[in-house]
Amino acid sequence: MDLDKDLIEETLSGNNNAFEKIVGKYKGYIFAIILNFIKDHNEAENIAQEVFLQIYISLPEYKFDNFKGWIGRIAANKSIDWKRKKKAKFNEQVMENAEMVIDGESLYHYKTPEDILVEKESREKIHRVCKRIPNIYEDVIIKFYFEEKSYEEIAKEEGTTVKTIASRLYRGRNLLREKWREEDDETL
């Protein structure tokens, strides 16, 4: 252990070769710890680099007590952090995919120019029909469907209750449906 203490002191005094010796001595140990958590060899290498960077940064705070245990805890913590981030990212992707399916979109659906044109024409028609309903309902529909604001956000902006916004949205949709039919009848 005196070798570790000497290498640490040399590293703290600015000798980069001393830190390279620490890395050389403990890289197998660190890698083994990481592989216990993460089975992907490439990711384990990336995390090992992060571990050694953290060791280098934290070395001035080291209290010269069980160096091997200290760096082992850093490796375990970095591995756990990586797993948490990966799980959170996976959950986020699952939710996005579920939302796409719920919204009626296929995960593998690519929009053709025709799809884009139909969407554009539909949006224009919705905006045109919205102009034919009272402003109080038009505003709520635009904010909810086009600006994707929540009931709470709209209520705050409008200076009213969430229940009032829900009611306006319900009435606005019914009026919009009526005006939509009227416009369809006019074009026939």
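The values are calculated or read from the model by the stated rules, or taken from the named source; none is laboratory data. The shown structure was predicted, so the numbers you read here are calculated from the model rather than taken from an experiment. All Cβ positions, even for glycine, are placed from backbone atoms using ideal geometry, and neighbour counts span all protein chains on display. When the accessible area is computed, the model is the full protein with side chains, heavy atoms only, and any ligands, DNA or RNA have been set aside. Shrake-Rupley method; radii C 1.70, N 1.55, O 1.52, S 1.80 Å.
What part of the accessible area of the range 146-188, given as a whole %, is carbon or sulfur when the probe is 1.4 angstrom? Roughly 48 percent of what the probe reaches on the range 146-188 is carbon or sulfur. Restricting the trypsin sites (Lys or Arg not before Pro) of the range 1-63 to loop positions (DSSP other than H, G, I, E, B) with no more than 11 neighbouring Cβ atoms within 10 Å leaves LYS39, LYS63.
Surface composition of the range 1-51: carbon and sulfur atoms hold 48% of the protein heavy-atom accessible area at a 1.4 Å probe.
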